[in-house]
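Novice: What follows is a single structure, and I will ask about it in a moment.
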Amino acid sequence: MKPILKASDEEYWGSKIYEEGPDPEFTSNVMKALENIEMDPRGLGGGLQKKAAFKQVLRRMVMTGAAAVILMGGAYMVWQNSPDSTSMIGEHRYQGSDSLSTNGYWLWDEEYERARRFDLLQMQNVKVEDGGYSMEIMAVLKDRSHIVIITKQFGPDGRSLKDSVRDPFLITDTQGRQVAIPGRHLRNTDPGIQDYVYVFNGTVPDHIVIQGKAVEVVADPEQQPQERVLVNWPLELTMDMTNAKSLSVSKPLEDTYSTQEGLNMDMKQLLVTPNGIRFDMSISLAPQMLEQVPSNWHNGLEVLYHVKIKEGNRYKTIGSYIKKVESQQMNTSSGTLEWSNEFDSTVIPPDSSHVRVVVDGLTMRFLNEGAIQLNPRELDKNPAVMMDGGDTLTFTKSSLLKDPSTGEQIVALYAKGRFMNQPLLDEWVAVDNNGQEYKVHIGGAYTQGEPVTSEYLEFAIPGLTNIPPSITLKRTVIGKKRDFQWAFDLPAVSNLPW
C-alpha cells in the first residue's frame, strides 16, 4: 500500500459534481417503485428464503411512470458501475461458508435461488489485505451472460469502507485474455456489502479467472482535500463455466435499422439463461453523422425502448428501465458501440413465445455552438438569459466557493432552466475576459418530464479564483433525443436445457 497524490481539481469535480448518470425516466420509475413497499420484519435464519419482493418491485416499476427530481452529482446514481453505501433495495449479510441471508429485498435474491438450484453458485472464503485495507469475497453467482461477485471491504479501523472501490477485478481466460467487462445494475447497496457484475462480451471459455487488481481507496471521504491510497489486493480465483454454458441458449439476430442522419443499429444475439433474457446490439455512425458529434458520443448514450409480451389475447408492456443488467463497450478499432440489456426471468420468462422489442429512439451527445457573454458581478441585478437549441437558461447570481480538492476559492454561477433537450449530457466551458478557458462542472437538480426544468443549477469553474468583469459560457456539447419507431420480434426458444 502506498499513498498517492491528493485528488486534483479535475478528479474531484469530475467525480463529485459531473458524474454521468442514467436515463432520468429510469431513475424516476425506480424511486417511485420503491415507495410504500412494506419491509419484512421477520429475521431469517440459515439460507436465503425465496421472496416475492423482487417481483413486487419489478411489477411496481412496470406500472409506474411519474415525474421525479434527478440530482446532479455522484449521489443521485441509481444505475451503478460500482456500489456505494447508500441503502436502497435492502440489506443482505454473509452468514457463513454455505449461506447468504437477506431480508428478501436484495436485487440478486431470485438469482441466488436459481444459482443454488442449478449449481451456478460458488461460495468463497477469500480475504486479501494491504496496509490494513481488506476485501473478502463471499460468493460468486454465474451464468452464461454474467457473473456477480459479492464482497465486503474494510478499512484499517475494521469498519466497512464508506466509499467502496470501483471495479476491483479483471475477468480473464486461463491465458490472461479479458472475457468480461463491468456491467451496470440496479443498485442494492447495503452498508458493508458490495456487489460487482461483469458481463461476458464474447465467447465464454470453459474456465475463467477472477483476478484482483490495484485500486484506489478514499482514506476518508469526509476529509477535504481527499487523500487516496493505492491498495494492491492480489488474488486469483478459477471458476468452472461448463455447467453455466450448458444451461443457455443463444440465437443470432439479424434485424437492422438506419436513420437518415446516419445512425446504424444492428441486433446481434439473443441469449437465454435461467436468470433472464439478454439481447445484444451494435451501434455505429456513418461519416456524415460523426461530423456532428464529439469523440465521446457514446458516453451516456441511452437506447429508449419497450418490450411487449403476449399473455393470452393481450400484450403486457415493459419499459426499458426494468432492465436488470446493462453493459456498453466502445470498440475503438471499428468505432462501434457494443450494447447489451438483460431482463430478469421474473419479468420476461425465458420460454416466452411472443416477445416484441419496440425501439422508440435514443439520447446522445451532439456538438453545439451555443454561447452567452455576461457580467457575473451584475447578475443579481440584471439576470442574463441564454436561449439555445430550444432550451432557456436564466443566470441569476455568482459567488465564490471553496474548492474541496485544493482549498482554493473558485467562481460559481447560478441559474434556472427549461430544457427541451437532455441537459445531463451537456458539456460547458467558460472563457474569462483574458481569453483563458476553463472546464465547467454542473451541479443541481432537474425534474423529469417534458420539458425538463430546474430551479437550481450551479456552474462551478475550478481554476477561476476571482469573479471577472466578463465571462463567456459556451455549451460545446448538447444532449439530444432522437425519436423513431423500429420494432422486431425475438425468436421463440423451446426445449430449454433446464
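Novice: Which numbered condition trips up LYS480, out of (1) in a strand (DSSP E or B); (2) more than 30 Å from TYR257 (Cα to Cα)?
Specialist: Unmet for LYS480, out of (1) in a strand (DSSP E or B); (2) more than 30 Å from TYR257 (Cα to Cα): (2).
Listed here are the residues, each with its yes/no results for (1) in a strand (DSSP E or B); (2) touching a residue at least 40 places away in the same chain (Cβ under 8 Å).
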| site | (1), (2) |
| --- | --- |
| MET386 | yes, yes |
| THR392 | yes, no |
| PRO404 | no, yes |
| TYR414 | yes, yes |
| GLU455 | yes, no |
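Novice: Here's another thing I want to ask about it. Would it be correct to say that VAL140 is assigned to a strand (DSSP E or B), out of contact with any Phe, Trp or Tyr (no Cβ under 7 Å at 6 or more places or on another chain) and modelled with pLDDT of 90 or more?
Specialist: Working: assigned to a strand (DSSP E or B): yes; out of contact with any Phe, Trp or Tyr (no Cβ under 7 Å at 6 or more places or on another chain): yes; modelled with pLDDT of 90 or more: yes.
Judged against the criteria, VAL140 is a match.
Novice: Continuing with the same structure: If I ask for residues that are more than 21 Å from LEU400 (Cα to Cα), of a type outside the set (S, T, N, Q) and either part of a loop (DSSP other than H, G, I, E, B) or modelled with pLDDT under 95 (or both), which ones from the stretch 424-451 would you list?
Specialist: Narrowing the stretch 424-451 to residues more than 21 Å from LEU400 (Cα to Cα): 424-427, 446-451.
Narrowing the set further to residues that are of a type outside the set (S, T, N, Q) leaves 424-427, 446, 449-451.
LEU424, ASP426, TYR446, GLY449, GLU450, PRO451, listed by residue number.
Each row is one residue, and each column tells you yes or no for (1) within 28 Å of the chain's Cα centre (by Cα); (2) among the charged types (D, E, K, R); (3) under 30 Å from LYS251 (Cβ atoms).
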residue: VAL385; (1), (2), (3): no, no, no
residue: SER399; (1), (2), (3): no, no, no
residue: SER405; (1), (2), (3): yes, no, no
residue: GLN448; (1), (2), (3): yes, no, no
residue: GLU455; (1), (2), (3): yes, yes, no
residue: VAL477; (1), (2), (3): yes, no, no
residue: PHE484; (1), (2), (3): yes, no, yes
residue: VAL493; (1), (2), (3): no, no, yes
residue: LEU496; (1), (2), (3): no, no, yes
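Novice: Within the stretch 189-206, is even one residue assigned to a loop (DSSP other than H, G, I, E, B), free of Cβ contacts under 8 Å to residues at least 24 places away in the same chain and either within 27 Å of MET281 (Cβ to Cβ) or in contact with a strand residue (DSSP E or B) (Cβ under 8 Å, 6 or more places away or on another chain) (or both)?
Specialist: As a first pass, look at the stretch 189-206 and keep what is assigned to a loop (DSSP other than H, G, I, E, B): 189-193, 201-206.
Okay, now just the ones that are also free of Cβ contacts under 8 Å to residues at least 24 places away in the same chain, so 202.
If we keep only those that are either within 27 Å of MET281 (Cβ to Cβ) or in contact with a strand residue (DSSP E or B) (Cβ under 8 Å, 6 or more places away or on another chain) (or both) as well, we get 202.
Checking the stretch 189-206: at least one residue is assigned to a loop (DSSP other than H, G, I, E, B), free of Cβ contacts under 8 Å to residues at least 24 places away in the same chain and either within 27 Å of MET281 (Cβ to Cβ) or in contact with a strand residue (DSSP E or B) (Cβ under 8 Å, 6 or more places away or on another chain) (or both).
Novice: For MET289, all conditions in the list (1) modelled with pLDDT under 95; (2) within 20 Å of GLY389 (Cβ to Cβ) hold save one; what is the number of the exception?
Specialist: All conditions are met except number (1).
Novice: Also, I was wondering about something else. When residues of the stretch 212-227 are filtered for being assigned to a strand (DSSP E or B) and either buried (at least 18 other Cβ atoms within 10 Å of the Cβ) or of a type in the set (A, V, I, L, M) (or both), how many remain?
Specialist: Applying the first criterion (assigned to a strand (DSSP E or B)) to the stretch 212-227 yields 212, 215-218.
Among the residues that remain, those that are also either buried (at least 18 other Cβ atoms within 10 Å of the Cβ) or of a type in the set (A, V, I, L, M) (or both) are: 212, 215, 217-218.
The number of residues fulfilling the criteria is 4.
Novice: Pairs needed: first member in the stretch 141-165, closer than 16 Å to GLU113 by Cα and in contact (Cβ under 8 Å) with a residue 24 or more places away in the chain; second member anywhere, in a loop (DSSP other than H, G, I, E, B) and open to solvent by 10 Å² or more (accessible area, probe 1.4 Å); C-beta distance under 8 Å; at least 6 residues apart or different chains.
Specialist: Once the first residue is closer than 16 Å to GLU113 by Cα and in contact (Cβ under 8 Å) with a residue 24 or more places away in the chain and sits in the stretch 141-165, its partners that are in a loop (DSSP other than H, G, I, E, B) and open to solvent by 10 Å² or more (accessible area, probe 1.4 Å) give ASP143/LEU247; ASP143/SER248.
Novice: So, restricting to strands (runs of 3 or more DSSP E) that lie completely within the stretch 290-373, which ones have at least 2 residues that are under 21 Å from the mean Cα position of the chain (by Cα) and farther than 30 Å from GLU113 by Cα?
Specialist: Values: elements: 302-311, 314-319, 325-331, 336-344.
Hits in the stretch 290-373: 302-311, 325-331, 336-344.
Novice: Across the stretch 269-289, what is the total count of residues that are out of contact with any Phe, Trp or Tyr (no Cβ under 8 Å at 6 or more places or on another chain) and either assigned to a loop (DSSP other than H, G, I, E, B) or surrounded by fewer than 21 Cβ atoms within 10 Å (Cβ to Cβ) (or both)?
Specialist: First, pick out the residues of the stretch 269-289 that are out of contact with any Phe, Trp or Tyr (no Cβ under 8 Å at 6 or more places or on another chain): 272-273, 275, 279, 284, 286-289.
Adding the requirement that they be either assigned to a loop (DSSP other than H, G, I, E, B) or surrounded by fewer than 21 Cβ atoms within 10 Å (Cβ to Cβ) (or both) leaves 275, 284, 286-289.
Going through the stretch 269-289 one residue at a time, the tally reaches 6.
Novice: What residue, among those in the stretch 118-142 that are open to solvent by 10 Å² or more (accessible area, probe 1.4 Å) and in contact with a helix residue (DSSP H, G or I) (Cβ under 7 Å, 6 or more places away or on another chain), is farthest from GLY183 (Cα to Cα)?
Specialist: ASP119
Novice: Scan the stretch 470-480 and tell me whether some residue there is touching a Phe, Trp or Tyr at 6+ places or on another chain (Cβ under 7 Å), surrounded by 13 or more Cβ atoms within 10 Å (Cβ to Cβ), in contact (Cβ under 8 Å) with a residue 40 or more places away in the chain and among the small types (Gly, Ala, Ser).
Specialist: no
The values are calculated or read from the model by the stated rules, or taken from the named source; none is laboratory data. Remember, it's a predicted structure, so these values are computed and weren't measured experimentally. With ideal geometry, Cβ positions are generated from the backbone for all residues, glycine too; neighbour counts draw on all protein chains shown. Accessible surface areas use protein heavy atoms only, side chains included; no ligands, DNA or RNA. Shrake-Rupley method; radii C 1.70, N 1.55, O 1.52, S 1.80 Å.
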